[in-house]
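Student: Structure incoming, see below.
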Amino acid sequence: MSKVTKKLQVSVPKALAERYGIAPGDDLRWEPAGDVLRVIPPGRQQPLRLGKVERLRLFDASTQRQQERQMGRQPEHAADRGWRREDLYERHGRPD
């Protein structure tokens with residue numbers, strides 16, 4: 001967690017700075033994202049934007065997976081995770 005100073009300065013936690021390649025002197029871009037802020041690190045100054053064809057392809061693939069789940073079949077690409085959702089409830093009990 002970071003605190004904002006009187007001069008409206010914010011420190012970036014070291015683990016996050018290392019993970020995203022943020023170094024002293026780098027410019028960070030701040031963008032509103034609904035009711036939160038998005039910080040864009042250096043090298044990612046342009047947000048990833050998918051074209052219409054790619055968005056439609058991803059949407060169609062997601063819709064197909066959901067239809068297969070609703071029909072009670074596992075999607076073809078589903079890998080065996082080594083656990084089932086029910087295993088979580090057996091170990092930890094059902095959520096309220």
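Bear in mind these aren't lab numbers, they're just calculated from the coordinates by the rules spelled out. A quick note: this is a predicted structure, and the numbers were derived from the prediction, not measured. Glycine gets a Cβ as well: all are built from the backbone with ideal geometry, and neighbour counts include every protein chain shown.
Student: Provide the packing ranking of 17-23, 57-63, 2-8, i.e. peptides ordered by the mean count of other C-beta atoms within 10 Å per residue, highest first. Don't jump to the answer; show the numbers that get you there.
Tutor: On the way: 17-23: 13.1, 57-63: 10.7, 2-8: 7.3.
Answer by packing, highest mean first, reads 17-23, 57-63, 2-8.
Student: How large is ³J(HN,Hα), in whole Hz, for each residue of the stretch 56-71 in order, when computed from phi with the Karplus curve 6.51 cos²θ - 1.76 cosθ + 1.60 and θ = phi - 60°, using x for Gly and Pro?
Tutor: 5, 4, 5, 4, 4, 5, 5, 4, 4, 4, 5, 4, 5, 5, 5, 7
Student: Could you work out the per residue convex hull volume over the alpha carbons of the stretch 1-49, in cubic angstrom?
Tutor: It comes to 102 Å³ per residue, whole-number rounded.
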